[in-house]
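Enquirer: Let me begin by handing over the structure; questions about it come next.
Read the figures in this text as sums done on the coordinates, not as results from a lab. Treat the numbers as computed from the prediction; the structure is a model and nothing was measured. Glycine gets a Cβ as well: all are built from the backbone with ideal geometry, and neighbour counts include every protein chain shown.
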Ligand SMILES: Cc1cc2nc3c(=O)[nH]c(=O)nc-3n(C[C@H](O)[C@H](O)[C@H](O)COP(=O)(O)OP(=O)(O)OC[C@H]3O[C@@H](n4cnc5c(N)ncnc54)[C@H](O)[C@@H]3O)c2cc1C
């Protein structure tokens, strides 16, 4: 490829955000013929991440769905609650499947170029976003990047900085063990040694499941510590000893849970998308649907020849809720568990999912809050007042 190449659009990073954006561009008769460059250090679809979401309106991802559950189960404070969902389905997509389909479709168009290279830096010059890579310099009037935090990231205001970190094992058991219609959304009935901790179990058949050990804390563990907890859980919950299953795949992750404000623009002409664009919901780590919403807004703006001005992922009200809960998760593990216990015991799961998706109105939110212990929330309003009363 020639150096200093110019394109109409550059997508720097072909993960969830970059590929989702190209997916919507492919569906746009106005944009699909533009000269587009997609850069990533590796364009080799791997099933090393499982993205789950609950169905949102106007979003048809049925071609990508690997498995879907209509019943969820939550464990907290020694109890188990389960409910068949009536408004939603809980769906999972494997990132390798998702990437393969999108990359194949994009490669059918001669105007779309994929390049495997390491991206070193971004800057802006003469109304072009400039991407410096190991393979040369590329520029376009608009660049969407999901590979680097903004320059101002380190100095941005942050009061709570937790990580949602996990290791998951996809296992195959010798006999039938799981109910493939029911996912364990969060089972907090596990030792709470290193932070608020839960197991997440996604069965895809009666003898296969992804079993994940997840912690909200500020420090990662050694891999063998997560894995020992998964082994213990398989034994105590499903009476599975080591010889009763094979680990067919592993996945791991560390997702930021912070009250930080993210910049929309890296610099002129270079927009931050995906996790580095602040799309992760701080208290849950869910990002995938927000990436879809952002990508659709970007495509709509580009179609109208406008600069994308993406609406904030969360309104002020939901940012305040997230700040309060983050503060509690950071400071009081026992109260956090009580909150999860009451939340799932006293509310319909559909209502909770709608709340987590930030689609509730203030009255529905007050109804949910009335089921929770409120003193810790008042305390966290006090502790976070310098943020809450200055625009969050
Ligand atoms: C294991 C895992 C499971 C998750 N599960 C869920 C879930 O169930 N539901 C949900 O909503 N969210 C989930 N998330 C959170 C979020 O949806 C994902 O992290 C998602 O991948 C974020 O998309 P992204 O494009 O911002 O980042 P990524 O998908 O990480 O993409 C960034 C891309 O940039 C490339 N890159 C980075 N640095 C360079 C460089 N210097 N040069 C070139 N290329 C570079 C990487 O190779 C990568 O392809 C999960 C995250 C993880 C890690």
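Enquirer: Which order do peptides 141-148, 325-332, 262-269, 373-380 fall in by mean Cβ count within 10 Å, highest first?
Expert: Numbers: 141-148: 22.6, 325-332: 20.5, 262-269: 18.4, 373-380: 14.6.
The peptides rank, most packed first, as 141-148, 325-332, 262-269, 373-380.
Enquirer: Here's a follow-up. From Cα pairs below 8 angstrom and at least 6 apart in sequence, can you work out the relative contact order of the chain, rounded to a whole percent? Please report the intermediate quantities before stating the final value.
Expert: Numbers: 750 pairs, mean separation 73.5, N = 392.
So the answer I get is 19 percent.
Enquirer: Compute the helix-to-body angle for 223-238: its Cα long axis versus the longest principal axis of the chain, expressed 0 to 90° and rounded to tens.
Expert: The answer is roughly 50 degrees.
Enquirer: Moving to a separate point now. Inverting the mean 1/r over all pairs of different Cα atoms, compute the Kirkwood radius of the chain and quote it in Å. Walk me through the numbers on the way to the answer.
Expert: Values: mean 1/r = 0.0448 Å⁻¹.
By the Kirkwood definition, the hydrodynamic radius is 22.3 Å.
Enquirer: For the stretch 161-258, compute Rg over Rh where Rg is the Cα radius of gyration and Rh is the Kirkwood radius from the inverse mean 1/r over Cα pairs. Mind dumping the intermediate values first?
Expert: Numbers: Rg = 13.1 Å, Rh = 13.6 Å.
My calculation of the ratio gives 0.96.
Enquirer: In addition: Compute the distance in nm between two label points, each set 7 Å from the Cα along the Cα-to-Cβ direction, one at residue 107 and one at residue 375.
Expert: Label-label distance for residue 107 and residue 375, simple model: 6.1 nm.
Enquirer: Subtracting the Cα-Cα distance from 0.36 nm times the residue separation, let me have the gained length for residue 161 to residue 70 in nm, one decimal.
Expert: Numbers: separation 91, 0.36 × 91 = 32.76 nm, distance 3.31 nm.
Fully extending the segment from residue 161 to residue 70 adds 29.5 nm.
Enquirer: Right, next: On alpha-carbon atoms, Rg over Rh for the stretch 316-388 using Kirkwood Rh?
Expert: Working: Rg = 11.8 Å, Rh = 12.5 Å.
Looking at the stretch 316-388, the ratio lands at 0.94.
Enquirer: Tell me, 80, 324 in order of fewest to most beta-carbon neighbours within 10 Å? Could you put the intermediate results ahead of the total?
Expert: Numbers: 80 12, 324 22.
With the sparsest Cβ surroundings first, the list reads 80, 324.
Enquirer: Treat the count of other C-beta atoms within 10 Å as a stand-in for reagent exposure and order 365, 134 from fewest to most. Before the final figure, lay out each step's value.
Expert: Working: 365 16, 134 10.
Exposure proxy ranking, most exposed first: 134, 365.
Enquirer: Between the helical axis of 316-331 and the dominant principal axis of the chain, each derived from Cα atoms, what acute angle in degrees is found, rounded to the nearest 10?
Expert: Helix 316-331 and the main axis of the chain meet at about 50 degrees.
Enquirer: Rank these for me by crowding, 66, 386, 292, going from fewest to most other beta carbons within 10 Å. All intermediate terms of the calculation are to be shown ahead of the outcome.
Expert: Numbers: 66 17, 386 9, 292 22.
Least to most surrounded, the residues fall as 386, 66, 292.
Enquirer: Helix 333-346 versus the longest principal axis of the chain: what is the Cα-based angle in degrees, 0 to 90, to the nearest 10?
Expert: 90
Enquirer: Across every pair of different alpha-carbon atoms, what Kirkwood hydrodynamic radius in Å does the stretch 93-171 reach?
Expert: Working: mean 1/r = 0.0607 Å⁻¹.
Every distinct Cα pair counted, the radius reaches 16.5 Å.
Enquirer: How large is the helix-only mean residue ellipticity at 222 nm for the chain, computed as the sum of -39500 (n - 2.57) over DSSP H runs with n ≥ 4, divided by its residue count, in deg cm²/dmol to the nearest 500?
Expert: Numbers: 10 runs with 115 residues, N = 392.
For the chain, the value works out to -9000 deg cm²/dmol.
Enquirer: Taking 8 Å as the Cα distance limit and 6 or more residues as the minimum spacing, I'd like the relative contact order of the stretch 95-226 as a percentage.
Expert: 18
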